[in-house]
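Report on the structure given below.
The values are calculated or read from the model by the stated rules, or taken from the named source; none is laboratory data. What you are looking at is a predicted structure, and each value in this text was computed from that prediction instead of being measured. Reconstructed Cβ throughout: ideal geometry from the backbone, glycine too, with neighbour counts over all protein chains shown.
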Amino acid sequence: MKRKFVKLFSAMALMVLLIAGCDGVSSSSDVSSSHISSETSSSLVSESSQTRELLDIEISNVKTEYFLGEKLSTEGLTVKLIYNDGEETVSLNDIAIDSGEFDNSKEGTYKIYVELTKLNRTVNYEVVVSKRPVDYSKSIKILAVGNSFSDDSMEHLYHLLKDKGAEEIILGNLYIGGCDLRLHALNAVNNLPAYDYRKNTSGTWNNTPNTSILTALKQEEWDVISIQQASGSSGLPETYNEDLTTLISYINTNKLNPEAKIVWNMTWAYQGNSTHNAFPNYNNDQMTMYNAIVNAVQTKILTNENISLVIPTGTAIQNARTSTVGDNLTRDGYHLTYDFGRYVAGLTWLKAITGWDIDDINYTPGVTINEWLKNIAKESVNNAIAKPFEVTPSQFDVEPAPDLSNHKELDWKPVASAYWFSTDVNYNLLITHAGNSLNFIGSAFRFTKEQIPVGSYIYVKSGWQYRPEGWISDERQTSRQGNTNVTYVEVTEEWWGDYTLRGFNISKTSGGSIARDFHLARDIFKIYVPIDTPVVEDEVVDDSAYISNIENYDRFTWVPCSGFYNSNQGIDIDIVNGTLSRRFITTQLFTKEELPVGTIVIADEGWQYRPERWLDLEPQAATRLPNTEGVLVLDEDFWGEHQYVAFNISKTVTENINQVPYDAFNAFRIYIPKA
């Protein structure tokens, strides 16, 4: 290719773009010299004298290192001819520069050619174009074009960056629930104000509705712009198509910072029992989904030169699932838990984007993340950064239980189909008859710091979670704490904070009804208090007047549930029958093995119970038994061919009892013959 040369008339006359390398002439820093090697210079002879020998050509005082976007400069360029009898500086009028190879829009090494017109010789030097080092400790600006999964990923990022000493932090998230690449691309090219624009500059997220991608792009000189696919399509490579190209092109065209990096948020696979409607795309199998996501990213994202980085959020989450946390990192089967799941994601973003060490981070989003969980989170992220496309098993696979030898178990008095809602108008009442009440087991009471003192431990079984509701004062609150599924949480001063009252809502991490499980409440959730903690014991009821040989019986501890059964309609508990259901507390469903022949039930005066019986778990045709008062012995005639029984407890005078479930528990007692 024919080179085009431009003459240098003065040191200030030539400012050309880009950077180069060396071909016969070596180049280093701005002030170093470059020389022609002695082997090649022996043939170069001055035209003015046949006896004068040119030994070397030296290039110095020229800039050789550039950042992306910088223009090439030959200001200060000095060319010296080294002869056997001395040296000469070449006049700028006798030099022409060819910078045709130089490209300041791409990283690389480029050659700049220098023609010595009087000698009819051409030499070159090299320049290097690289990304400008970013000092994220001074300022970092990150924008996500995403959905709820970018919400999860960025929720704790501000505080994590602050913990590492970042001074100016600006985070943005363009949110549409479930938004995929196709819709992002459509919104971009049509400049549609379709997003909730969530921005965080001080530790708090603030939302601006009806915002376009362009508006967000033009609002800040973003350092990093994250994009992602919708979770259900994240493992389908065919969806990484021209929509991705369109979106990237739009971002690159409209971003204010030419060095802004476009990065890819590799999202996570669903929980193993997820009910997400896209899970069948992966045969409802978590590892199938994870591997599909990895394959899509490796084939469609790593090969895209416009994407600078993959944030392996999904691998970090999958790594954490191999720890004692297990498959409990989502709050609904696909969105991350508010505390630990989002914490892992935030740490992944921090380390992937900045490269900073995360081992010294102290911040945690709440008191439920103890040192054990912090270690799991950091290990999961470090392993994901090291091996972003494979699962690394955790070393934290057996959690040491706390020493409970100086503790005793507190009866937290569970009640099913009930939960606390501290920010609701009924902040001080159990919510027992909402459409979702059957998804929860609540504590019947709220506890004080004296009842659950510092040094206590709270336990929850794997597959379950709880929300520790808190009241600073006995009035409607402005915010609630999130759910946690941490196995053991130590009660500390930080856990209590400014709260004076605490209540608990227990639910499945996968969501759904607890109607078949609530009888296990005391095994699912436990509170251990120091052994010297004063505890108000329940009054011991003397039923020897009803049972002469009472020493041969054990009282059965059942779990009250708000609502009632109707065996003619099946085994569902009715909690939504308005006024009627509030008048009842019911028991769990019992088998004959649990309440064998000889079992005795007793109701105090003023109380009654209806025994509901089932031959199977289907609606029953038989007429329901009437309400009963006093004592009933479950004999063979009572059981007959029936397999299940439950009891609906109520007052003999119509009265709502849904807010006092343990009045019913104390009034209705079950005694089982000792084995």
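So Ala230 clears everything in (1) more than 25 Å from the chain's Cα centre (by Cα); (2) crowded, with 18+ Cβ neighbours inside 10 Å except one condition, right? Which one?
With (1) more than 25 Å from the chain's Cα centre (by Cα); (2) crowded, with 18+ Cβ neighbours inside 10 Å applied to Ala230, the lone miss is (1).
Could you check, for segment 95-117, whether at least one of its residues is surrounded by 14 or more Cβ atoms within 10 Å (Cβ to Cβ) and on the phi > 0 side of the Ramachandran plot?
Within segment 95-117 (the criterion being surrounded by 14 or more Cβ atoms within 10 Å (Cβ to Cβ) and on the phi > 0 side of the Ramachandran plot), the answer is yes, since at least one residue qualifies.
Would it be correct to say that Ser148 is within 16 Å of Asn265 (Cβ to Cβ) and surrounded by fewer than 20 Cβ atoms within 10 Å (Cβ to Cβ)?
yes
Matching residues to (1) outside any helix (DSSP H, G or I); (2) free of Cβ contacts under 8 Å to residues at least 12 places away in the same chain; (3) touching a Ser or Thr at 6+ places or on another chain (Cβ under 8 Å); (4) acidic (Asp, Glu):
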position	(1), (2), (3), (4)
Pro133	yes, yes, no, no
Ile140	yes, no, yes, no
Val145	yes, no, yes, no
Asp151	no, no, no, yes
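Just need a number here: residues in segment 319-341 that are out of contact with any strand residue (DSSP E or B) (no Cβ under 9 Å at 6 or more places or on another chain) and of a type in the set (Ser, Thr, Tyr).
Here the count works out to 4.
Could you list, in sequence order, all residues of segment 463-513 that are among the charged types (D, E, K, R), closer than 24 Å to Gly435 by Cβ and surrounded by fewer than 22 Cβ atoms within 10 Å (Cβ to Cβ)?
Passing the criteria: Arg476, Arg480, Lys508.
So Asn568 ticks every box in (1) of a type outside the set (Phe, Trp, Tyr); (2) in a loop (DSSP other than H, G, I, E, B); (3) surrounded by fewer than 16 Cβ atoms within 10 Å (Cβ to Cβ); (4) modelled with pLDDT of 95 or more but one. Which box is left unticked?
Looking at each condition in turn, Asn568 falls short on (2).
Just give me the residues in segment 233-281 being part of a helix (DSSP H, G or I), surrounded by 15 or more Cβ atoms within 10 Å (Cβ to Cβ) and of a type in the set (D, E, K, R), in sequence order.
Asp243
Among (1) surrounded by fewer than 20 Cβ atoms within 10 Å (Cβ to Cβ); (2) in a helix (DSSP H, G or I), where does Ile170 come up short?
The number of the failed condition is (2).
For residues in segment 294-326 being β-branched (Val, Ile, Thr) and surrounded by fewer than 24 Cβ atoms within 10 Å (Cβ to Cβ), which is nearest to Trp464 (Cα to Cα)?
Going through the qualifying residues, I end up with Thr324.
Taking segment 193-212 only, how many residues are outside any strand (DSSP E or B) and not small (Gly, Ala, Ser)?
So the count comes out to 3.
Among the residues that make up segment 323-332, is at least one of them in contact with a Phe, Trp or Tyr (Cβ under 7 Å, 6 or more places away or on another chain), of a type in the set (Val, Ile, Thr) and part of a loop (DSSP other than H, G, I, E, B)?
Yes.
Going by the conditions given, is His184 crowded, with 16+ Cβ neighbours inside 10 Å, farther than 26 Å from Asn252 by Cα, in contact with a helix residue (DSSP H, G or I) (Cβ under 6 Å, 6 or more places away or on another chain) and not hydrophobic (A, V, I, L, M, F, W, C)?
No.
Could you tell me whether any residue of segment 335-347 is among the charged types (D, E, K, R), modelled with pLDDT of 95 or more, outside the structural domain of Gln481 (by TED's automatic domain parsing) and surrounded by 21 or more Cβ atoms within 10 Å (Cβ to Cβ)?
Yes: one or more hits.
Give the residues of segment 635-666 that are under 20 Å from Arg555 (Cα atoms) and either of a type in the set (D, E, K, R) or part of a loop (DSSP other than H, G, I, E, B) (or both), sorted by residue number.
Selection gives Asp635, Asp663.
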